[in-house]
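A.B. asks: Take a look at this one; I'll ask things after.
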Amino acid sequence: MTTATEFIRIHVYYHDDVSASTRRIVPRNYLKDCITELERVARRPFVIEYKHSIPGVTDIEYQGGDPRHALNRWISAALGYQDRHIRASERIQRYLLVTQQSINDEVLGIAQAPGGCAIASLTNYQTIAHELGHTFGMRHEDAELHHNAFGLECATYGYPEQGGLRSNCYQYSIKNRENMARYFAQYVD
Ligand SMILES: [Zn+2]
């Protein structure tokens, strides 16, 4: 028996500190490569919805203090908004807060791993992919350093530390693709 293809829905909320001109480049420059790869791993299409300028949601404090507290504030803001306004029926949904600044000098993003909510800054091109990956079961331990087509060392999305001269691979490691495929397989019925 065949079933209708089920979508995976990503709700992208731009924090109020992300300008309108920056919002226009995020889909192409920060999201496209990782979503293409996640669709292959999940074997399901993703739908992405963008939201901004929502009082009480896109203006939460995310800097200063323990990053886990910022994540907790985001979880309650996002899930509270979801209860009141979102009627989507997909079993897998993600609530991603995109911020202009990092949470602090060392922490560029934070996520429920796995889980529904994440915060990712635009400080590095791979942070959105990194935090979304965590929500689907990606692990730091299974990240790798590769060499890209130009012979330069690059970090896969799961790699936890920023290297000064290291470039981005713009892909998940094979093991992390397997980790995420196992996560998505729970939702196959
Ligand atoms: Zn991480």
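A.B. asks: Inspect the range 102-110 for any residue being out of contact with any Phe, Trp or Tyr (no Cβ under 7 Å at 6 or more places or on another chain) and in a strand (DSSP E or B) and give the result as yes or no.
C.D. replies: Looking through the range 102-110, at least one residue is out of contact with any Phe, Trp or Tyr (no Cβ under 7 Å at 6 or more places or on another chain) and in a strand (DSSP E or B).
A.B. asks: Let me ask something else. Could you go through the range 134-143 and let me know if any residue there is assigned to a loop (DSSP other than H, G, I, E, B), more than 27 Å from residue 57 (Cα to Cα) and either modelled with pLDDT under 95 or open to solvent by less than 50 Å² (accessible area, probe 1.4 Å) (or both).
C.D. replies: yes
A.B. asks: Follow-up question, since we're still on this one. What about residue 173, is it open to solvent by less than 30 Å² (accessible area, probe 1.4 Å), more than 12 Å from the ligand (Cβ to nearest atom) and over 19 Å from residue 66 (Cα atoms)?
C.D. replies: Taking the combined requirement at face value, the residue satisfies it.
A.B. asks: Also, I was wondering about something else. What are the pairs, 6+ residues apart or on separate chains, where a residue within the range 132-148 that is in contact (Cβ under 8 Å) with a residue 24 or more places away in the chain and basic (Lys, Arg) has its Cβ under 9 Å from a residue that is open to solvent by 40 Å² or more (accessible area, probe 1.4 Å) and within 12 Å of the ligand (Cβ to nearest atom)?
C.D. replies: From residues that are in contact (Cβ under 8 Å) with a residue 24 or more places away in the chain and basic (Lys, Arg), the pairs are 139/113.
A.B. asks: Now a separate question. Would you mind finding the one in 56, 65 that is at pLDDT below 95, not in a strand (DSSP E or B) and not charged (D, E, K, R)?
C.D. replies: 65
A.B. asks: For the range 138-152, how many residues are within 12 Å of the ligand (Cβ to nearest atom) and out of contact with any strand residue (DSSP E or B) (no Cβ under 8 Å at 6 or more places or on another chain)?
C.D. replies: Number of matching residues: 5.
A.B. asks: Something else: With (1) within 16 Å of residue 15 (Cβ to Cβ); (2) open to solvent by less than 10 Å² (accessible area, probe 1.4 Å) as the list, and residue 64 as the residue in question, which single condition is left unmet?
C.D. replies: For residue 64, the failing item is (2).
A.B. asks: Quick one: what pairs do we get from the range 106-119, first residue under 18 Å from residue 184 (Cβ atoms), second assigned to a loop (DSSP other than H, G, I, E, B) and near the ligand (Cβ under 9 Å from one of its atoms), C-beta under 8 Å, 6+ apart or different chains?
C.D. replies: Taking only residues 6 or more apart or on different chains, the pairs are 113/138.
A.B. asks: Here's something else I'd like to know. Just name the residue that is nearest to the ligand (Cβ to nearest atom) out of those in the range 77-110 that are open to solvent by less than 20 Å² (accessible area, probe 1.4 Å) and in contact with a helix residue (DSSP H, G or I) (Cβ under 6 Å, 6 or more places away or on another chain).
C.D. replies: Among residues in the range 77-110 that are open to solvent by less than 20 Å² (accessible area, probe 1.4 Å) and in contact with a helix residue (DSSP H, G or I) (Cβ under 6 Å, 6 or more places away or on another chain), the one nearest to the ligand (Cβ to nearest atom) is 109.
A.B. asks: Which of the residues spanning the range 108-129 are closer than 22 Å to residue 18 by Cα, among the hydrophobic types (A, V, I, L, M, F, W, C) and in contact with a Ser or Thr (Cβ under 9 Å, 6 or more places away or on another chain)?
C.D. replies: 108, 111, 117, 118, 119, 120, 122, 128
A.B. asks: Could you list all residues from the range 149-173 that are free of Cβ contacts under 8 Å to residues at least 12 places away in the same chain and closer than 25 Å to residue 94 by Cα?
C.D. replies: Answer for the range 149-173, where residues must be free of Cβ contacts under 8 Å to residues at least 12 places away in the same chain and closer than 25 Å to residue 94 by Cα: just 161.
A.B. asks: Under 7 Å by Cβ, and 6 or more places apart or on different chains, what pairs join a residue from the range 25-50 that is basic (Lys, Arg) with one that is open to solvent by 10 Å² or more (accessible area, probe 1.4 Å) and modelled with pLDDT under 95?
C.D. replies: 44/5; 44/6; 44/7
A.B. asks: Please find, within the range 113-122, the residue that is farthest from the chain's Cα centre (by Cα) out of those that are closer than 18 Å to residue 161 by Cβ and either surrounded by fewer than 16 Cβ atoms within 10 Å (Cβ to Cβ) or within 11 Å of the ligand (Cβ to nearest atom) (or both).
C.D. replies: Residue satisfying both the conditions and the ranking: 113.
The values are calculated or read from the model by the stated rules, or taken from the named source; none is laboratory data. Note that the structure is predicted; figures quoted are calculated from it, not measured. Don't worry about glycine lacking a Cβ; one is built from the backbone with ideal geometry, like all the others, and counts go over all protein chains shown. Just the protein is used for accessible areas: all its heavy atoms, side chains included, with ligands, DNA and RNA removed. Shrake-Rupley method; radii C 1.70, N 1.55, O 1.52, S 1.80 Å.
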